[in-house]
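Beneath this line is the structure, given in structure tokens, with notes to follow.
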Amino acid sequence: MSGRNPLLNFIKMKHSIVKHLLLLLAVLLCNAQAYAQNVSREIPTLKHNYEEFTIEIGLAEPFQALHLTDSHINKIDKRDFDRLSKRFNKRVSKPKAIYREIHLMDAIHYVETHDDMLLLHTGDFLDMYSEAGLDYAAHIFNRLKNPFACVGNHEFINVNGKAPLDDEARAELYESIQSAWPNDIVFASKVFKGVNFVAFDNTNNNVTKEVFRKMKAEVEKGLPIVIICHIPFYIPETVQERLEQRGGIKSGAYASVTGAPLEITDQYKGDDEKKTGPRYEQRSTKVTLEFTEWLRSQTLVKAIICGHNHRKHIEQFSPSCVQYTGLAAYDGNAAIIAFK
């Protein structure tokens, strides 16, 4: 008879639902605890590493700049989702990826709280080309008083993980990237407290005739020059060290620099029929080789500040110029540079 009692049936059903809900909640809590324990083991501690060094120029009014490079910020929204979601998910799945914006905002806050500090960003602000990423870059640069930045190869990376090297393919992206940057991304000059800061695009490991021509014009101004670019210029000792760290040329190693002699890059692996691979991607043009040698002879060029290789190097490029290659900002690295 009890099975025919509606009230009794309702009470039993309600009891069963509550019991199952409690069981489900217990399972979820156990899984959440296990997940939290797992995440706590995998995600490293958040650390910032701000190094300090000095560039001696002989200034009447010393000043400071904060150098960032290779922030590799990932952003997508509905405008980019269909095209980039697969690559985006892969790139942000790394444990340290969640800290990239935190590191960037800490650096931006540092600049904002130091009067008249210059921000120098030497490329790969973005991890890949995206509309959402460009909006974010514009927002960051626009809030700063004195930003100066060059582009990196990752600003041109679209879907397949590789940046186009030919000028025609890159030109299609230039206009939209330019809209987010604080200065011209092909070539720009900014005189700040007596120093001529010059930025140019060398993200295909080369420079153009136009860059060469404009650089000569900057020298004619007679001011001390500090260059910012993404890819470091060729210095024999550094290239040799990089090749050895990667197991040598015979194992397929190569060093990504601007202006490497052909006798080095011709030894890199490559597909001669398709003209692909490091042998061709790292190959210097005649203009680039001439520009690199000319640059070494310019006594007004005091420093080259760059990134790309995610390794710290401070080395003599010429008798008058030191090249500073910075560690990746996505790991919390930055350099506080005193110009004196």
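Only one entry of 134, 84, 126, 119 meets the criterion of being in contact with a strand residue (DSSP E or B) (Cβ under 6 Å, 6 or more places away or on another chain) and either open to solvent by 10 Å² or more (accessible area, probe 1.4 Å) or under 22 Å from residue 158 (Cβ atoms) (or both), and that entry is 126. Per the conditions (1) open to solvent by less than 20 Å² (accessible area, probe 1.4 Å); (2) at pLDDT 95 or above, the sole criterion not satisfied by residue 112 is (1). Inside segment 275-308, residues that are assigned to a loop (DSSP other than H, G, I, E, B), in contact with a helix residue (DSSP H, G or I) (Cβ under 8 Å, 6 or more places away or on another chain) and charged (D, E, K, R) make up a count of 1. Within segment 180-195, residues that are touching a residue at least 60 places away in the same chain (Cβ under 8 Å) reach partners that are of a type in the set (Phe, Trp, Tyr) and open to solvent by less than 50 Å² (accessible area, probe 1.4 Å) with beta carbons closer than 7 Å, at six or more positions or on different chains, in the pairs 193/63; 195/339. Just to be sure, is residue 98 out of contact with any His (no Cβ under 9 Å at 6 or more places or on another chain), in contact (Cβ under 8 Å) with a residue 24 or more places away in the chain and either surrounded by 19 or more Cβ atoms within 10 Å (Cβ to Cβ) or among the polar types (S, T, N, Q) (or both)? When the stated conditions are applied, residue 98 does not pass them.
Inclusion of residue 237 among residues that are open to solvent by 70 Å² or more (accessible area, probe 1.4 Å), touching a residue at least 24 places away in the same chain (Cβ under 8 Å) and over 23 Å from the mean Cα position of the chain (by Cα) is warranted. Within segment 56-82, the set of residues being touching a residue at least 60 places away in the same chain (Cβ under 8 Å) and acidic (Asp, Glu) comprises 56, 61, 70.
The values are calculated or read from the model by the stated rules, or taken from the named source; none is laboratory data. As the structure is a prediction and not an experimental result, all values here were calculated from the model. Cβ sites come from the backbone with ideal geometry, for glycine too, and all protein chains shown count toward neighbours. Surface accessibility is based on the protein's heavy atoms, side chains included, excluding ligands, DNA and RNA. Shrake-Rupley method; radii C 1.70, N 1.55, O 1.52, S 1.80 Å.
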